[in-house]
Amino acid sequence: MAEIPSAVLFCCTMNSVRSPMAEGILKFLHGNRIYVDSVGVRKGEINGYAIAVMDEIGIDISKHKSKSFDDLEDSYFDLVIPLSPEAQHKAVEMTRVMACDVEFWNTFDPSLIESENRETVLNAFRTIRDQLMKKLEQRFPRVKVADT
């Protein structure tokens, strides 16, 4: 099992779907035990479908403010997790001068689904949410507190 880092950065193309979802899920799983942030190669408005499917599991990302790599106030992270190929390139570039691990989790962008059917689009977003949840629970397992 990999060590639990103290600071994690998720990054994707627009910081509007995948990285805010991953950020929200990891904060939900670990609260303030892990510092978590997210950015995009470019900024984009938070996606309404992402907000809706995260709300279904009790995680509110509606106040998320999209940021780019250039907007990072702190560049100290133990782990950077790019969720798109474009973000992978940017993360590798950023971490060349940092003592930091990069784990590429290539994740489908559900905003690419074009359908007139709202439920079809929501299902694509739910699939990514659930995949991220499963991967995050495996990579960052919750610490069980022993009974005393």
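Structure data summary
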read-out	value
Unmet requirement for Ile57, which otherwise passes all of (1) touching a residue at least 40 places away in the same chain (Cβ under 8 Å); (2) hydrophobic (A, V, I, L, M, F, W, C); (3) closer than 18 Å to Asp37 by Cα	(3)
Residue within region 41-54 that is in contact with a strand residue (DSSP E or B) (Cβ under 8 Å, 6 or more places away or on another chain) and among the polar types (S, T, N, Q) present	no
Matching residues in region 55-84 - criterion: being of a type in the set (Phe, Trp, Tyr) and crowded, with 18+ Cβ neighbours inside 10 Å	Phe69, Phe77
Search result, residues across region 69-96 that are among the polar types (S, T, N, Q), outside any loop (DSSP other than H, G, I, E, B) and at pLDDT below 95	Thr95
Filtered residues of region 34-54 (kept if hydroxyl-bearing (Ser, Thr, Tyr), part of a strand (DSSP E or B) and either surrounded by fewer than 22 Cβ atoms within 10 Å (Cβ to Cβ) or without any contact (Cβ under 8 Å) to a residue 24 or more places away in the chain (or both))	Tyr35
Qualifying residue in region 114-122 (condition: at pLDDT 95 or above, of a type outside the set (Gly, Ala, Ser) and within 14 Å of the chain's Cα centre (by Cα))	no
Failed item in (1) surrounded by fewer than 21 Cβ atoms within 10 Å (Cβ to Cβ); (2) of a type outside the set (Phe, Trp, Tyr); (3) under 22 Å from Asn106 (Cα atoms), with Asn15 passing the rest	(1)
Evaluation of Ala99 against (1) out of contact with any helix residue (DSSP H, G or I) (no Cβ under 9 Å at 6 or more places or on another chain); (2) closer than 25 Å to Pro141 by Cα; (3) in a helix (DSSP H, G or I) (one fails), failing number	(3)
Checking Pro5 against (1) under 14 Å from the mean Cα position of the chain (by Cα); (2) assigned to a loop (DSSP other than H, G, I, E, B); (3) in contact (Cβ under 8 Å) with a residue 40 or more places away in the chain, the condition it does not meet	(1)
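The values are calculated or read from the model by the stated rules, or taken from the named source; none is laboratory data. Worth saying up front: this structure is predicted, and the values here are computed from it rather than measured. Positions of Cβ are backbone-derived with ideal geometry, glycine not excepted, and every protein chain shown enters the neighbour counts.
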